[in-house]
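A.B. asks: Pasting a structure here, questions to come.
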Amino acid sequence: MYIFSIMKKITFSLFYILSLGCGPCLTIREYSKEDILKLREEVREMFQHAYDSYLRYAYPYDELRPLSCDGVDTWGSYSLTLIDALDTLAIIGNYTEFNRVVDIVLQKQNFDTDINVSVFETNIRIIGGLLSAHLLSHKTGLKLEPGWPCNGPLLRLAEDVAHRLIAAFDTATGMPYGTINLRSGVPPGETSVTCTAGVGTFIVEFGTLSRLTGDPLYEEVAYNALKALYHHRSPIGLLGNHIDVMTGRWTAQDAGIGGGVDSYYEYLVKGAILLEKPELMSMFKEARQVIDKYLKKDDWFVWATMQRGHVTLPVFQSLESYWPGLLSLIGETDTAMRIIHNYHSVWKQYGFTPEVYNLGTGEASSSRESYPLRPELIESIMYLYRETRDPILLQMGEDILRSIQHSARTPCGYATIKDVRDHRKEDRMESFFLAETTKYLYLLFDPDNFIHNPGVHGTVINTPNGECIVDVGGYIFNTEAHPIDPTMLYCCHEARQGINISEVHRIYQILEEEDNIQFMTMIDVSVNNVSTNESDSKVESNIAVENILSKVSDAEKNKLKQDELIKTETRTGYVNIDGTEREKSKNETTLSDIVKERINSYYNNTNVLSEQDEESKDVEKVFPAKESEKNIEIDDITVAQKPQETEHLQLPSTIKAKEALKMLPKVIQDFLNSDWKLKPKCEPQYMLERIRKEKKYPDHPDVNKYQLLLTPAPSFLQRISLAGEFLNKKQLEI
């Protein structure tokens, strides 16, 4: 009770000061157009100083160290800051540099590298940055490929990265691992525990990829992960902080809206608006009610147990500052304004917002007192100013600008504030300073920027699907401030249903597996036992195929017939063991002879198949055949010969084996104990089919309630919230 009484006093004092209006305690400055533009140019210079310093001292490393004036790799060794800052160049109008950097990225960037990266960070910074740059490239004069925005090198590069992350989603729950190797997939021994935000922050980027490329894979795995989190919420509707993606067990059960959870809630709203998924908006509204019930305390938000809602941490986190901006997207401006005044009061207390602020003591946490140039507070200020035009928000923005210029600037960039209490610096400038903080500040002081277009004008472009209107506003920022134009997602096509690769794979198995050589021989037998009449031959061959297909389901049988993937009658009349067509030889050898030739070639290294000569020689050098195995004669085959059982080796005793294992380092022990040897390589299409087939998480009951998208959104999203603007006829009928 003592804690909340202090919180009430803070809130009451703040509103008392605000109620004085233009009295001696607080004077709200009036900003002319010239004043705002002057601040905009100061932000432009801030960005340019930090950007030039990165290029001069840090490139091609991920991040700049502004005190050492050098660079360091942090998240993946892929020139992170350069990609993260790319769309900011377009927004501030530096088109020449944007085009130059795009050329550099396309020429030098190769993500086929043997490095472990954060799935979450790579998605929001790299994929988000590439997608945004791709969609903004038409404004900069960059030469576009035919079919843009549904085609283009930046889009292909973004898809390449996303494809490398997909293996992380190949889990029992559909929720992704936190780390991936860009070349080989999930690293051996990787922990299956990740944070909630690391599970639920993909639908914006992956949904954009699917809508632009037509491949449903990305959107569906991201959507499935969101449904998994919703399914694993507590009985009272709260989500914890960390979860085991293999079991669905919560390993950290503190519930809040800050670090580790934040962008999950953010992406429910933004995914609903961007992709027209009303069920996501419904999920957010359900969560919002529970958050207000258990976590909201006098326009502050605390942490509580996810099972019962008991308060555990009465703190404010700097990362929570996104919340007022998120509320503005659904039209709750009044509530958002009350909250942001509280958050700004912490900024005024220190000149920055510490990572953690203790609401009970009214002081920065002694262990989390830094400010790493975070953007969340200025993000919410920018959103709210676009809607309200309240000059106090401009004043808040100028406070932030002054603090950063005074205490964070260095000759080589801008530095993290190590301690907000004495403004000591730390030798790091994270990439989001150029991607988010400077971008939101610039947009706050540039009210006429194209990003703010409320739908009064647009641009007509030609696409493979006909004419399309773009640039009409309503941009959705991902959590790294990379803007996505929703209209461009509808210039291409809805995500396709994809192919049923399982059926194709089943056919290949029939043709390729050693145990199915009998299948090929049965076809041959059927041909040899019929009359020479061609029509009779066709009938008997089809009967043989039907006998085999009787073991397959009717649906699969029909599919095989329709696609004609198994053929006993081809242009030459013969097929290879792998199902490809074989030219008819002069002496008209039978299918059985073809099979024999291939097996003879395999065992005897004969020269029957010229394309395998060199490979056979190499194999012979490494694995010389025994005398007893040479010159094997292959007679008529009816079934594949099973390999002889080898004599079992006598293994050491279990006790000795365990003792030997304990002598190894723990990392190696975990590696050897893991099931990495048994885990098959991730096949994305199989994973997609499994998700569809299992339907582990039922659809939300509000999946077709499109009226949920017609929220009282602010003016800069007004175009999206108008019925019929995005909703197609089918959706409107529903």
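A.B. asks: 7 Å from Cα along Cα→Cβ at both Thr335 and Thr27: what's the point-to-point distance in nm?
C.D. replies: Distance between label points: 3.7 nm.
A.B. asks: Output the relative contact order of the stretch 256-355, whole-number percent, from Cα pairs under 8 angstrom with separation of 6+ residues.
C.D. replies: That works out to 24 percent.
A.B. asks: Also, quick follow-up: Thr251's amide H: which non-local residues (gap 5+, or another chain) put their own amide H closer than 5 Å, with H modeled 1.01 Å from N in plane and none for Pro or chain starts?
C.D. replies: Correct list: His242, Ile243, Asp244.
A.B. asks: Holding the Cα-Cα limit at 28 Å, pick out from Lys293/Lys425; Lys297/Lys705; Lys293/Lys705; Lys139/Lys227; Lys297/Lys348 the pairs that are longer than that.
C.D. replies: Table pairs above 28 Å Cα-Cα are Lys293/Lys425; Lys297/Lys705; Lys139/Lys227.
A.B. asks: Now for a separate question. Hey, what D do you get for the stretch 110-261 in µm²/s if you plug the Kirkwood alpha-carbon radius into Stokes-Einstein at 4 °C and 1.567 mPa s?
C.D. replies: In µm²/s, the coefficient rounds to 80.
A.B. asks: For a Förster distance of 45 Å, can you work out the FRET efficiency between the beta-carbons of His406 and His310, rounded to the nearest 0.05?
C.D. replies: About 0.60, to the nearest 0.05.
A.B. asks: Follow-up. Given the Cα-Cα distance of Lys705 and Glu467 and 0.36 nm per residue of separation, how much length would full extension add, in nm?
C.D. replies: Here the segment from Lys705 to Glu467 would lengthen by 82.8 nm.
A.B. asks: Moving on to the next point. Does the stretch 64-106 come out rounded, prolate or oblate by the C-alpha gyration tensor, with a ≥ b ≥ c the root eigenvalues, rounded set by a/c under 1.5 and, if not, prolate when a/b is larger than b/c and oblate if not?
C.D. replies: Prolate, since a/c reaches 1.5 and a/b exceeds b/c.
A.B. asks: While we're on this one: Please sort 80-91, 268-279, 48-59 by packing, taking for each peptide the average over its residues of neighbouring beta carbons within 10 angstrom, highest first.
C.D. replies: In decreasing order of mean packing, 80-91, 268-279, 48-59 become 80-91, 268-279, 48-59.
A.B. asks: Here's something else I'd like to know. Step through the residues of the stretch 445-455 one at a time and calculate ³J(HN,Hα) from phi using the Karplus curve (6.51 cos²θ - 1.76 cosθ + 1.60, θ = phi - 60°), rounding each to whole Hz and writing x for Gly and Pro.
C.D. replies: With coefficients 6.51, -1.76 and 1.60, one gets 9, 10, x, 9, 4, 4, 4, 8, 3, x, x Hz.
A.B. asks: Another question, then. List every residue whose amide H lies under 5 Å from the amide H of Ile484, counting only residues 5 or more places away in sequence or on a different chain, with H placed 1.01 Å from N in the peptide plane.
C.D. replies: Amide H to amide H, under 5 Å and 5 or more residues apart or across chains, Ile484 pairs with Ile476, Phe477, Asn478.
A.B. asks: I'd like to compare 152-163, 196-207, 469-480: which one has the highest average count of other Cβ atoms within 10 Å, and what's the full order after that?
C.D. replies: Per-residue mean Cβ counts within 10 Å order the peptides as 196-207, 469-480, 152-163.
A.B. asks: For the stretch 176-319, rounded, prolate or oblate, judged on the Cα gyration tensor with a ≥ b ≥ c (square roots of eigenvalues), a/c < 1.5 rounded, else prolate if a/b > b/c?
C.D. replies: oblate
A.B. asks: Okay, moving on. Measuring with a 1.4 Å probe in the full set of protein chains, what accessible area per residue, in whole Å², belongs to the stretch 22-158?
C.D. replies: It amounts to 41 Å² per residue over the stretch 22-158.
A.B. asks: Roughly how many whole Å is it from the C-alpha centroid of the stretch 425-499 to that of the stretch 389-422?
C.D. replies: 26 Å
A.B. asks: Which order do the peptides 208-217, 410-419, 126-135 come out in when sorted by mean C-beta neighbours inside 10 angstrom, highest first?
C.D. replies: The most tightly packed comes first, giving 126-135, 208-217, 410-419.
A.B. asks: With a cap of 10 neighbouring Cβ atoms within 10 Å, and only residues DSSP puts in a loop, list the GluC sites (Glu not before Pro) found in the stretch 26-97.
C.D. replies: The qualifying sites are Glu30.
The values are calculated or read from the model by the stated rules, or taken from the named source; none is laboratory data. Since the model is a prediction, treat every value here as computed from it, not as a measurement. Please note: Cβ atoms are built from the backbone with ideal geometry, for glycine as well, and neighbour counts cover all protein chains shown. Surface accessibility is based on the protein's heavy atoms, side chains included, excluding ligands, DNA and RNA. Shrake-Rupley method; radii C 1.70, N 1.55, O 1.52, S 1.80 Å.
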